[in-house]
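Below: one structure, written as structure tokens.
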Amino acid sequence: MYAALTPFERGMVAHLVADWLFQNHWIAQNKSSLRHPAAWVHGFIHILLLALALGWLGGLVLGVIHMLIDTRAPMSWWRGFIRQTSEGPAAMTTAVWADQVLHIALIAVWVALMSPPI
């Protein structure tokens, strides 16, 4: 039997497709600067896919927040604040996963705040 995806699942799939399938080398290398077109292309892809998954407001809000997170400033602050690994062989893995967890957690927060009460 087919079960429809929940809003969180739709948002998660949209995020993963935008961040992993539609992110090329040019975007990955340049998205951290809001002055570079790659940041805006990456943000627009997130806005579009998240809007399809969660509605236009969710797409817009989460897409813009995604762009801001990808400047790396919030994660740099977080890694310093909790003294997370920032050097050595585990640093890149830790940084990538921390970034992804933050993006996904914010999708969860959006869905929780925008869902009607049970």
> Hey, among the residues in segment 97-118 that are assigned to a helix (DSSP H, G or I) and of a type in the set (Val, Ile, Thr), which one's surrounded by the most Cβ atoms within 10 Å (Cβ to Cβ)?
Replying inline: ILE107
>> Return the residues of segment 23-35 that are touching a helix residue (DSSP H, G or I) at 6+ places or on another chain (Cβ under 7 Å) and over 18 Å from ILE65 (Cβ atoms); say none if nothing qualifies.
In response: TRP26, ASN30
> Hey, among the residues in segment 23-38 that are part of a loop (DSSP other than H, G, I, E, B), without any contact (Cβ under 8 Å) to a residue 24 or more places away in the chain and not basic (Lys, Arg), which one's nearest to GLY63 (Cα to Cα)?
Replying inline: GLN23
> Is one or more of the residues making up segment 44-65 surrounded by fewer than 18 Cβ atoms within 10 Å (Cβ to Cβ), on the phi > 0 side of the Ramachandran plot and either touching a strand residue (DSSP E or B) at 6+ places or on another chain (Cβ under 9 Å) or among the small types (Gly, Ala, Ser) (or both)?
Replying inline: yes
> Looking only at segment 21-76, which residues are of a type in the set (Gly, Ala, Ser) and under 14 Å from LEU106 (Cα atoms)?
Replying inline: GLY58, GLY59, GLY63
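Computed from the coordinates by the stated procedures, all read-outs in this text should not be read as laboratory data. Computed from a prediction, not measured in an experiment: that's the story for all the values here. Cβ sites come from the backbone with ideal geometry, for glycine too, and all protein chains shown count toward neighbours.
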